[in-house]
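The values are calculated or read from the model by the stated rules, or taken from the named source; none is laboratory data. Keep in mind the model is a prediction, meaning the values are calculated, not measured. So basically every Cβ, Gly included, is an ideal-geometry build from the backbone, and we count neighbours across all protein chains shown.
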Amino acid sequence: MILVLGGIASGKRTYVASLGYDESQMSGSVGSDAPVLCDLQDVLRGGPLSHEELEAAARKDVVVCCEVGQGVVPLDPQERAWRELVGRTCAQLARHARVVRMVCGIPVVIKEA
C-alpha cells in the first residue's frame with residue numbers, strides 16, 4: 001500500500017493519477033471496491049475506524065490523506081481530538097506502507113514498504 005500525505009492542494013491526486021489511477025478508481029469510502037481511498041481525514045470525521053475498517057484501508061493500493069496536524073492548534077477540543085485521530089491512524093497505516101509526502105507537487109518518499 002502507498003500512503004500519500006500532504007497539505008491541501010499539494011498534488012496528492014495528481015500523483016495518484018501518475019501511478020495510473022483515474023477518478024473512477026478513487027473513493028472516499030473505506031468499504032468501496034475502489035483501489036484508492038481518498039480523503040482519509042474526512043472519513044475520520046465520523047470517528048475512529050474499526051479494526052475491520054483499518055484492515056480494509058490497509059488493503060487498498062493507495063490511501064490519500066491531508067496533513068492536518070501541523071500549524072495552529074485548534075481551541076476546540078473536538079478538532080484537536082480529530083487531528084490526533086488522523087495522525088494516529090496514518091501512523092498505523094504507515095507501519096506497512098510506502099509513505100510519500102507531497103511537497104509543492106513533488107513526491108518525496110519518506111519510507112519504503
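At a glance:
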{"read-out": "Residues that are surrounded by fewer than 18 Cβ atoms within 10 Å (Cβ to Cβ) and among the polar types (S, T, N, Q), drawn from the stretch 1-24", "value": "T14, S18, S24"}
{"read-out": "Scope the stretch 64-84; condition in contact (Cβ under 8 Å) with a residue 24 or more places away in the chain and acidic (D, E); matching residues", "value": "E67"}
{"read-out": "Sole residue being acidic (D, E) and closer than 15 Å to K12 by Cβ, chosen from D33, D76, D39", "value": "D39"}
{"read-out": "Condition check for V68: modelled with pLDDT under 95 and either surrounded by 12 or more Cβ atoms within 10 Å (Cβ to Cβ) or at negative phi (or both)", "value": "yes"}
{"read-out": "Members of the stretch 85-112 that are free of Cβ contacts under 8 Å to residues at least 24 places away in the same chain and not in a strand (DSSP E or B)", "value": "G87, R88, A91, R95, E112"}
{"read-out": "Residue satisfying all of: in the stretch 25-36; part of a loop (DSSP other than H, G, I, E, B) and not acidic (D, E); surrounded by the fewest Cβ atoms within 10 Å (Cβ to Cβ) among these", "value": "G31"}
{"read-out": "Qualifying residue in the stretch 41-61 (condition: of a type outside the set (F, W, Y), farther than 18 Å from A91 by Cβ, in contact with a strand residue (DSSP E or B) (Cβ under 9 Å, 6 or more places away or on another chain) and surrounded by 15 or more Cβ atoms within 10 Å (Cβ to Cβ))", "value": "yes"}
